[in-house]
Amino acid sequence: MTRVQIHFRLSQPLSANLFPTIASAHSLYGIQRVRLSPAMDSLTVEYDATRLRPAEVEAALTHAGIAVEQA
């Protein structure tokens, strides 16, 4: 397993309904950890690079309802 971190900006302002989605994002295939920045405007995602590519991480987050764009 090769762990890699990637940073994403939130495409829309953070709302209360996104907190549970962000908290459960680590359950997505290959995603190990998701951290919200202190400013609450971006995410750092740690993922298994042997399973996912950056575009697939972004697509998984978007599919889960977290609108992001790569920083």
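The values are calculated or read from the model by the stated rules, or taken from the named source; none is laboratory data. This one's a predicted model, so the numbers in the text were calculated from it and none came from an experiment. Here the Cβ positions follow ideal geometry from the backbone for every residue, glycine too, while neighbour counts run over all protein chains shown.
Note down all Cβ pairs under 8 Å where the first residue falls in the range 1-23 and is under 11 Å from residue 34 (Cβ atoms), the second is assigned to a helix (DSSP H, G or I) and of a type outside the set (A, V, I, L, M), and they're at least six residues apart or on different chains. Correct list of pairs: 6/54; 8/58. Residues that are closer than 13 Å to residue 7 by Cα, out of contact with any Phe, Trp or Tyr (no Cβ under 8 Å at 6 or more places or on another chain) and of a type outside the set (Gly, Ala, Ser) within the range 54-71 comprise just one, 54. Residues in the range 12-44 that are of a type in the set (Ser, Thr, Tyr) and at pLDDT 90 or above were compared, and the one that is farthest from residue 60 (Cα to Cα) is 37. Where strands (runs of 3 or more DSSP E) sit wholly within the chain, those with at least 2 residues that are among the aliphatic types (A, V, I, L, M) and surrounded by 15 or more Cβ atoms within 10 Å (Cβ to Cβ) occupy 3-10, 31-36, 42-48. In summary, residue 9 fulfils each of the numbered conditions (1) modelled with pLDDT under 95; (2) among the basic types (Lys, Arg); (3) in contact with an Asp or Glu (Cβ under 7 Å, 6 or more places away or on another chain) with the single exception of condition (1).
Residues in the range 14-35 that are among the small types (Gly, Ala, Ser) and over 12 Å from the mean Cα position of the chain (by Cα): 15, 16.
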